[in-house]
Amino acid sequence: MARINYQHLYYFWMVAKHGSISAACEELHLAQPTVSTQLAVFEHNIGSKLLKKQGRKLVLSETGQAVFHYADEIFSLGRELTHFLKGRNTKRGMRLNLGISDALPKLLAYRLIEPLLREPGNVQVQCWEDKTERLLNELALHSIDLVLSDVPATPACGTRVFNHFLGESPVAIFAAPDLAKRYRSNFPRCLNGASFLLPTSNTALRRSLDLWFDSLEISPNIQAEIEDSALIKTFGMGGSGLFFSPIAVAGAIEQQYRVEMIGLAEPVVERFYIVTAQRQLKHPLIHVILEQAQKGVFGLLGKS
């Protein structure tokens, strides 16, 4: 393949963005056979299928996902060029595409990422949330720059990646005010039989909590197992049960969800990592996240 046909790439990008050929055709004001034919030519030229049928829907293949992210970058630059040529003051700044593991506490992710938005210049951040395994696949395809995770990547993930330790935080138990009053005395023995909202069994925190319950001979009444950390807190705010979260964001949790901390689940800690495709961290925005972790989010814990 000597060079990419950008018209074909644009048709593919529109189809992927709108989810179907018919929707893309409406936007492009073209007939469906025209776009379908050009897509087929494009796939033939690059030697790989980009779209596949899943029931009645079109979904991106693994190669299609990578091509779509590149196309997004290309046509984003194209829009900036158009604005510049129209006389607008467009400054090309730094961009960071990051993946966030769905098990990672969202308030913690916010604390780590928010300083990027205060950096001088035109900084753009794209956040993708998914299971860690899928995000590591995207990292290997260079579709994203890093993954924020609660577990380090292992050789079993099948891709060559590097872990960079951010920090760790003790884990505390939180509950709505009425529940919190009930379980403060004789802690943690009073937790036997208490209603809990727990992360799902595939998470590192859940495995640590199961060992903690066993060590104290506590039998929790598991009301719900929820993968998304923000959803757990939402249920907890409604009084559905007690839940766990790192104390690194305890103040924000109590304020945002109107809950109270009952006590620490000692010695349980959560550890957090940046996973990248390079051993050396060259992107300047990644260093901003590391500094925020070491001097802000987790550094403050070491001083308390």
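Residues in region 130-144 that are exposed (fewer than 15 other Cβ atoms within 10 Å of the Cβ) and either touching a Cys at 6+ places or on another chain (Cβ under 8 Å) or at pLDDT below 85 (or both): Glu133, His142. Of a type in the set (A, V, I, L, M, F, W, C) and either surrounded by 13 or more Cβ atoms within 10 Å (Cβ to Cβ) or more than 14 Å from Trp13 (Cα to Cα) (or both): is that true of Ala40 in this structure? Here the answer is no, as Ala40 does not meet what is asked. Might you let me know whether region 70-86 holds any residue that is in contact with a strand residue (DSSP E or B) (Cβ under 8 Å, 6 or more places away or on another chain) and small (Gly, Ala, Ser)? No: zero hits.
Total residues in region 213-245 satisfying the condition of being within 23 Å of Lys106 (Cβ to Cβ) and either of a type in the set (Ser, Thr, Tyr) or touching a residue at least 12 places away in the same chain (Cβ under 8 Å) (or both): the figure is 23.
Just a yes or no: is a residue in region 170-178 surrounded by fewer than 17 Cβ atoms within 10 Å (Cβ to Cβ), outside any loop (DSSP other than H, G, I, E, B) and among the acidic types (Asp, Glu)? Yes: region 170-178 contains one or more residues that are surrounded by fewer than 17 Cβ atoms within 10 Å (Cβ to Cβ), outside any loop (DSSP other than H, G, I, E, B) and among the acidic types (Asp, Glu).
Of the helices (runs of 4 or more DSSP H) entirely within region 17-91, those holding at least 3 residues that are touching a Leu at 6+ places or on another chain (Cβ under 6 Å) and under 30 Å from Ala140 (Cα atoms) occupy 62-85.
Considering (1) touching a strand residue (DSSP E or B) at 6+ places or on another chain (Cβ under 9 Å); (2) within 23 Å of Pro105 (Cα to Cα), the lone condition that Arg184 does not fulfil carries the number (2). Only one of the numbered conditions (1) part of a helix (DSSP H, G or I); (2) closer than 30 Å to His287 by Cα; (3) aliphatic (A, V, I, L, M) is violated by Leu148, and that is (1).
Within region 161-178, residues that are over 29 Å from Asp145 (Cα atoms) and in the same structural domain as Pro199 (by TED's automatic domain parsing) reach partners that are acidic (Asp, Glu) and at pLDDT 95 or above with beta carbons closer than 9 Å, at six or more positions or on different chains, in the pairs Phe174/Glu254; Phe174/Glu260; Ala175/Glu260; Ala176/Glu260; Pro177/Glu260. Looking at Lys52, Lys57, just one residue is touching a strand residue (DSSP E or B) at 6+ places or on another chain (Cβ under 8 Å), without any contact (Cβ under 8 Å) to a residue 60 or more places away in the chain and of a type in the set (D, E, K, R), and that residue is Lys52.
For region 76-86, does any single residue satisfy the condition of being within 25 Å of the chain's Cα centre (by Cα), surrounded by fewer than 16 Cβ atoms within 10 Å (Cβ to Cβ) and more than 30 Å from Val297 (Cα to Cα)?
Initially, region 76-86 is screened for residues within 25 Å of the chain's Cα centre (by Cα), giving 76-77.
Imposing the further condition that a residue be surrounded by fewer than 16 Cβ atoms within 10 Å (Cβ to Cβ) reduces the set to 76-77.
Those left that are additionally more than 30 Å from Val297 (Cα to Cα): 76-77.
Taking every residue of region 76-86 in turn, at least one turns out to be within 25 Å of the chain's Cα centre (by Cα), surrounded by fewer than 16 Cβ atoms within 10 Å (Cβ to Cβ) and more than 30 Å from Val297 (Cα to Cα).
Consider region 254-304 and keep the residues that are among the charged types (D, E, K, R) and either over 22 Å from Asp210 (Cα atoms) or free of Cβ contacts under 8 Å to residues at least 60 places away in the same chain (or both). The one that is surrounded by the most Cβ atoms within 10 Å (Cβ to Cβ) is Glu260.
Quick one: would you say Glu227 is on the phi > 0 side of the Ramachandran plot and among the acidic types (Asp, Glu)? Against the criterion (on the phi > 0 side of the Ramachandran plot and among the acidic types (Asp, Glu)), Glu227 does not qualify. Does Thr154 qualify as being closer than 17 Å to Phe272 by Cβ and exposed (fewer than 14 other Cβ atoms within 10 Å of the Cβ)? Against the criterion (closer than 17 Å to Phe272 by Cβ and exposed (fewer than 14 other Cβ atoms within 10 Å of the Cβ)), Thr154 qualifies.
The values are calculated or read from the model by the stated rules, or taken from the named source; none is laboratory data. This one's a predicted model, so the numbers in the text were calculated from it and none came from an experiment. So basically every Cβ, Gly included, is an ideal-geometry build from the backbone, and we count neighbours across all protein chains shown.
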